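I am attaching a structure below and will ask some questions about it afterwards.
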Amino acid sequence: MNERNFSQTLSELRHSAGLSQRKAAADLNISQALLSHYENGAREPGLGFVCRVCDYYNVTADYLLGRSANPDGFDRTADVARAFISELRVLANKAESALEELV
């Protein structure tokens, strides 16, 4: 599990996009003060706002909530593991074929 939380991620996304709180708040249809509260963890948003933020920054809810390290939601660790297992199967088949030739 990731160490980030919603408020940190929200702030990081805004900073990465080079946006002021005023601009991001206006785009998200909330006040700057409310966005500040969300970013410093003083208030927690509703689901509707979470969905708007995901669309606005083009990230998944899992990323926004700190449940994934990948903004697009793809679990690259699982992809790497699957590729590794696939390669191991290929190598095992080659080794089995080589042993059969020796016998």
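The values are calculated or read from the model by the stated rules, or taken from the named source; none is laboratory data. Owing to the predicted nature of the structure, the values given are computational and were not obtained by experimental measurement. Ideal geometry is used to build each Cβ from the backbone, glycine not excepted, and the neighbour counts take in all protein chains shown. For accessibility, only protein heavy atoms count, side chains too; no ligands or nucleic acids. Shrake-Rupley method; radii C 1.70, N 1.55, O 1.52, S 1.80 Å.
What single numbered condition from (1) modelled with pLDDT of 95 or more; (2) surrounded by 15 or more Cβ atoms within 10 Å (Cβ to Cβ) fails to hold for ASP55?
Of (1) modelled with pLDDT of 95 or more; (2) surrounded by 15 or more Cβ atoms within 10 Å (Cβ to Cβ), only one is false for ASP55: (2).
Residues of segment 41-52 being without any contact (Cβ under 8 Å) to a residue 24 or more places away in the chain, in a loop (DSSP other than H, G, I, E, B) and either open to solvent by 70 Å² or more (accessible area, probe 1.4 Å) or in contact with a helix residue (DSSP H, G or I) (Cβ under 9 Å, 6 or more places away or on another chain) (or both), which ones?
Listed by number, the residues that qualify are ALA42, ARG43.
Looking at segment 5-23, which of its residues are assigned to a helix (DSSP H, G or I) and free of Cβ contacts under 8 Å to residues at least 24 places away in the same chain?
GLU12, HIS15, SER16, GLN21, ARG22, LYS23
Sticking with this structure for a sec: What are the residues in segment 16-26 that are surrounded by 13 or more Cβ atoms within 10 Å (Cβ to Cβ) and of a type outside the set (Gly, Ala, Ser), if any?
Hits for segment 16-26 are LEU19, GLN21, LYS23.
Would you mind finding the one in TYR63, TYR38 that is open to solvent by less than 70 Å² (accessible area, probe 1.4 Å), modelled with pLDDT of 95 or more and part of a helix (DSSP H, G or I)?
Values: TYR63 fails: modelled with pLDDT of 95 or more.
Just one listed residue meets the conditions, TYR38.
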